[in-house]
1. Being in contact with a helix residue (DSSP H, G or I) (Cβ under 6 Å, 6 or more places away or on another chain) and at pLDDT below 95 is the filter here, so list the residues in region 205-232 that pass it.
2. Please work out if Pro207 is farther than 19 Å from Pro99 by Cβ and of a type outside the set (Val, Ile, Thr).
3. Can you say whether Glu62 is assigned to a helix (DSSP H, G or I), open to solvent by 60 Å² or more (accessible area, probe 1.4 Å) and of a type in the set (D, E, K, R), as far as the supplied structure shows?
4. Could you give every pair whose Cβ atoms fall below 9 Å, whose first residue belongs to region 179-194 and is aromatic (Phe, Trp, Tyr), and whose second residue is open to solvent by less than 30 Å² (accessible area, probe 1.4 Å) and in a strand (DSSP E or B), counting only separations of at least 6 or pairs across chains?
5. Conditions: (1) assigned to a helix (DSSP H, G or I); (2) at pLDDT 90 or above; (3) surrounded by 14 or more Cβ atoms within 10 Å (Cβ to Cβ). Arg43 meets all but one. Number of the miss?
6. Of all residues in region 305-339, which are aliphatic (A, V, I, L, M), at pLDDT 95 or above and either touching a Phe, Trp or Tyr at 6+ places or on another chain (Cβ under 8 Å) or part of a strand (DSSP E or B) (or both)?
7. Mind telling me which of the residues Ile54, Ile65, Ile105, Ile100 ends up being in contact (Cβ under 8 Å) with a residue 24 or more places away in the chain, of a type in the set (A, V, I, L, M) and in contact with a Gly (Cβ under 6 Å, 6 or more places away or on another chain)?
8. Determine which single condition Gly96 fails, assuming it passes every other condition in (1) open to solvent by less than 20 Å² (accessible area, probe 1.4 Å); (2) small (Gly, Ala, Ser); (3) in contact with a helix residue (DSSP H, G or I) (Cβ under 7 Å, 6 or more places away or on another chain).
Amino acid sequence: MKFARNFALVLAVVSSSCVGAFSTSRINNAMNKASPNAATMLRETNGGLDTDLILPSFSTKEEYISYLKKAGALPDGFALGTAKGTFVSVEAPAMGPLPIKATVIHLTEGPTDSWAAVFTSNRFPGCPIKVGKDRLTKGHPLQALVINNKVSNVCPGGDGVAAAESVCAAVAEGLNLPGGANTVLPSSTGVIGWRLPAKELAEDVVPKAIEAIQADSAFAAAEAIMTTDRYPKLRSKTLSNGVRVVGVAKGAGMIEPNMATMLGYIMTDATIEKSKLQTMLSAACNRSFNSISIDGDESTSDTVVAIASGLKPLSSEDELQAALFEVCEGLSADLVRNGEGTGHVMRVKI
């Protein structure tokens, strides 16, 4: 992996002493000398609607969650729901019923052509990656995303692509999407080598997630997509004309440049051409998610998606690009700090 000049590579060093789950001060001090008072002032000035560039420290889990919920206000045209369910693994039935979560993100005002994605470069991508690449290549508009944890749908014993498509079909039916399953983008994260419990997702968990859809905050998605993550990750930015950019991500292990074992979803209500959004997202990923490493392992499921509802005019493309940089860089730093067994974080400027 080659890094452009002036890019920063953020590395997590594993030790037996893990970084506190809700303390952000250690990495913040290494990345920026801004004082806690400055971070607090930024948060108060913006009314708490955006995450601070440098996150403050939180004394409790509840304080951190409250902060993210308020900062996670969804852009116009988006709603999402999450739900829990259970399944019994075909590969490990002795484990009994296991928990699984699904997240459905819905564009409430109709499908959009303005979406972009960056996927893993691993030569053995998961089945949702194959579906996603096909959607992107064929130029299908999107009106929904569906994400499940627990099972990654990578190297499954059955037809993983068909399983992913069946879950997309359930989302399309539940939301009455005129474009059908082709307007739904799937993602999965979790155990490799297990069959996706598509029946349980399609008939139980997805319908419950659709029933739970709300248009208030993206926090529920940040929480539901976690696997071994110790805490949810969310970043947001409001542009000068009110356009909003909100991103969530998950990832804690198998984190290495060329993406990572991570999923990221960035929502905006900006009006932006598809090709320009793809260029912006690729640039943002190169200086964020492609510049982090925890354990040197590249994953098979890595996905970052940016999707625009197009409900607000964009006054400055440069401002949107800067917001994408800020959101992606913030999320990538959160991923490293959250790494499995992480004890130290180093930032290397190249």
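The values are calculated or read from the model by the stated rules, or taken from the named source; none is laboratory data. Please read all numbers here as calculations on a predicted model, not as lab measurements. Cβ atoms come from the backbone with ideal geometry, glycine included; neighbour counts cover every protein chain shown. Ligands, DNA and RNA are stripped out before the accessible areas are found, and what is left, the full protein with its side chains, is counted by its heavy atoms. Shrake-Rupley method; radii C 1.70, N 1.55, O 1.52, S 1.80 Å.
1. Keep residues of region 205-232 that are in contact with a helix residue (DSSP H, G or I) (Cβ under 6 Å, 6 or more places away or on another chain), which gives 206-207, 210, 217, 219, 232.
Answer for region 205-232, where residues must be in contact with a helix residue (DSSP H, G or I) (Cβ under 6 Å, 6 or more places away or on another chain) and at pLDDT below 95: just Pro232.
2. Numbers: farther than 19 Å from Pro99 by Cβ: no; of a type outside the set (Val, Ile, Thr): yes.
It is false that Pro207 is farther than 19 Å from Pro99 by Cβ and of a type outside the set (Val, Ile, Thr).
3. Numbers: assigned to a helix (DSSP H, G or I): yes; open to solvent by 60 Å² or more (accessible area, probe 1.4 Å): yes; of a type in the set (D, E, K, R): yes.
Yes.
4. Pairs that qualify, where the first residue is aromatic (Phe, Trp, Tyr) and the partner is open to solvent by less than 30 Å² (accessible area, probe 1.4 Å) and in a strand (DSSP E or B), are Trp194/Val151.
5. So Arg43 meets the others, but not (2).
6. Across region 305-339, the qualifying residues are Val305, Ala306, Ile307, Ala308, Leu311.
7. Working: Ile54 fails: in contact with a Gly (Cβ under 6 Å, 6 or more places away or on another chain); Ile65 fails: in contact with a Gly (Cβ under 6 Å, 6 or more places away or on another chain); Ile105 fails: in contact with a Gly (Cβ under 6 Å, 6 or more places away or on another chain).
Ile100 is the lone residue from the list that is in contact (Cβ under 8 Å) with a residue 24 or more places away in the chain, of a type in the set (A, V, I, L, M) and in contact with a Gly (Cβ under 6 Å, 6 or more places away or on another chain).
8. (3)
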